[in-house]
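Working notes, structure below.
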Amino acid sequence: PYNGPSKDQVMETRKQFLSPGIFHYYERPVMIVEGKQQYLYDETGRRYLDAFGGIVTVSVGHSHPKLVKAVNEQNELIQHTTTIYLNDQVAYFAKELAEKLPPHLDSIYFVNSGSEANDLAILMARLYTGNYDVIALRNCYHGMSLGTMGLTAHATWKYPVAQGFGIHHALNPDPYRGRFGNDGEAYAEDVKDMLETATSGRVAAFFAEPIQGVGGAVVLADGYLKRTYEHIRNHGGVCIADEVQAGFGRTGTHYWGFETHGVSPDIVTMAKGIGNGLPLAAVATTREIASTLQKRIHFNTYGGNPVSAAAGRAVLKIIDEEGMQENCRVIGDYLLGRFAGLQEKHDVIGHCRGKGLMLGMELVKDRETKEPAGAETKKVFEDMKDMGVLIGKGGLHGNVFRIKPPMCWTMADAEFMCDAMDHALSRL
Ligand code: PMP
């Protein structure tokens, strides 16, 4: 049992010494001292069902025994060397990760966070194409570094500082709220117009999450990526898929989110689930694009650290050995079915969406006007916590539940969450 400082002491110490810029969930935040598989435990030993995986980061489950073993073994051997020396872990991790990708994406650069990966992807795209402009989507989230804050398109995440040079934001192909509904071609036409009017006609890159995460599990409209990739390539740009949330089998039907749209990107960025919680991220691209970095020297101290690499290798293995991609498909299909039932019963549910274990449920005050139901979302969110289920919340108006649990969820977990949700919604 836990016998460290009390929750109040931790809260007080955090308030005093952690930056006030760091926010927490819940009016009275939960304190988590232990995690096993899909369950979290607070300081009193109370168990919570984890439906958010530390913001879509815990892919194979908390403290998975095979991963713990791999990390511990590497910890005992050596913790850090950097890539100036050879080490087997980083080289073989790159090989094993490349084997999961389309064959042309065979050059991997490891870094430590999604923001770093996306910054590096922008750099490579600009160097490779010789162009500057980058197109991203409204409602996207790509990170908090100055470079990626410029890509990110939510007022909530943008500070009034110099950022976003050369970045243009296209209409979001959001089937529920977007101007053209689920007509992907129409939104792609807007990108074409943007390329011809808002840029020099030559661009470096197009950035998109196959399913927007922070933006509220928005599945990009059908056919959008395919047509947009064509427009971008016609204007000299490369296509970048941010798989920080959608990758590693989470969508259920495919290992990568971009595959669900039938496209093949030139650069793929990854983070979060790749390390199951360890600081690890990557940029995968073609040898030709990656070679542009050789114009100077490029370096990252911790990227490909042996311990993180050992964790990443274990994640790849566990997903396959334990059939986690298929599990995401089965549990995700069940959840979508249950969500549809809840939607029939509760008028406040405006839209349910997503793929596999990357799901969203959007609450509205009125199904016609789609006015966001912020207060209702908050109430259900708190109630769910009190019933022992930790879900996520997102979307521009904070009115979307984000259900993105560890990929080891069972049917019983899914049933429990839906029952709790039904109860919480009934109490509104
Ligand atoms: N891309 C996406 C899609 C993300 O969701 C996030 C993090 N929420 C990032 C990039 C940035 O990752 P990090 O916080 O590790 O910098």
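The values are calculated or read from the model by the stated rules, or taken from the named source; none is laboratory data. Everything numeric in this text was worked out from a predicted model, so none of it was measured. Glycine gets a Cβ as well: all are built from the backbone with ideal geometry, and neighbour counts include every protein chain shown.
For (1) outside the structural domain of Thr410 (by TED's automatic domain parsing); (2) among the β-branched types (Val, Ile, Thr); (3) under 20 Å from Leu390 (Cα atoms), each residue gets a yes or a no:
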| residue | (1), (2), (3) |
| --- | --- |
| Arg28 | no, no, yes |
| Gln37 | no, no, yes |
| Gly45 | no, no, yes |
| Ile78 | yes, yes, no |
| Asn87 | yes, no, no |
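Just one of the listed residues (Thr148, Thr199) is under 16 Å from the mean Cα position of the chain (by Cα) and more than 25 Å from Pro405 (Cα to Cα), namely Thr148. I'm trying to understand the selection: among the residues of segment 361-376, which are outside any loop (DSSP other than H, G, I, E, B) and out of contact with any Gly (no Cβ under 6 Å at 6 or more places or on another chain)? Result: Met361, Leu363, Pro372, Ala375, Glu376. On inspection, Ile122 does not qualify as in a strand (DSSP E or B), out of contact with any His (no Cβ under 7 Å at 6 or more places or on another chain) and over 30 Å from Met384 (Cβ atoms). Flag: Arg329 does not match the condition of being assigned to a loop (DSSP other than H, G, I, E, B) and in contact (Cβ under 8 Å) with a residue 12 or more places away in the chain. So, in segment 268-297, exactly how many residues are under 20 Å from His142 (Cβ atoms), outside any helix (DSSP H, G or I) and more than 13 Å from the ligand (Cβ to nearest atom)? Qualifying residue count for the region: 2.
Could you please find all residues in segment 377-427 being of a type in the set (A, V, I, L, M, F, W, C) and in a loop (DSSP other than H, G, I, E, B)?
Step one: list which residues in segment 377-427 are of a type in the set (A, V, I, L, M, F, W, C), which gives 380-381, 384, 387, 389-391, 396, 400-401, 403, 407-409, 411-412, 414, 416-418, 420-421, 424-425.
Passing the criteria: Met387, Ile391, Leu396, Met407, Cys408, Trp409.
Within segment 210-219, track down each residue that is in a loop (DSSP other than H, G, I, E, B) and either without any contact (Cβ under 8 Å) to a residue 12 or more places away in the chain or touching a Leu at 6+ places or on another chain (Cβ under 8 Å) (or both). Talk me through it step by step, then tell me what you get.
Taking segment 210-219 and keeping what is in a loop (DSSP other than H, G, I, E, B), we get 210, 213-217.
Those that are in a loop (DSSP other than H, G, I, E, B) and either without any contact (Cβ under 8 Å) to a residue 12 or more places away in the chain or touching a Leu at 6+ places or on another chain (Cβ under 8 Å) (or both): Pro210, Gly215, Gly216, Ala217.
Across segment 80-114, the qualifying residues are those that are exposed (fewer than 15 other Cβ atoms within 10 Å of the Cβ) and closer than 30 Å to Leu146 by Cβ, and the one among them that is nearest to the chain's Cα centre (by Cα) is His80. On inspection, Gly147 fails the criterion of being on the phi > 0 side of the Ramachandran plot and small (Gly, Ala, Ser).
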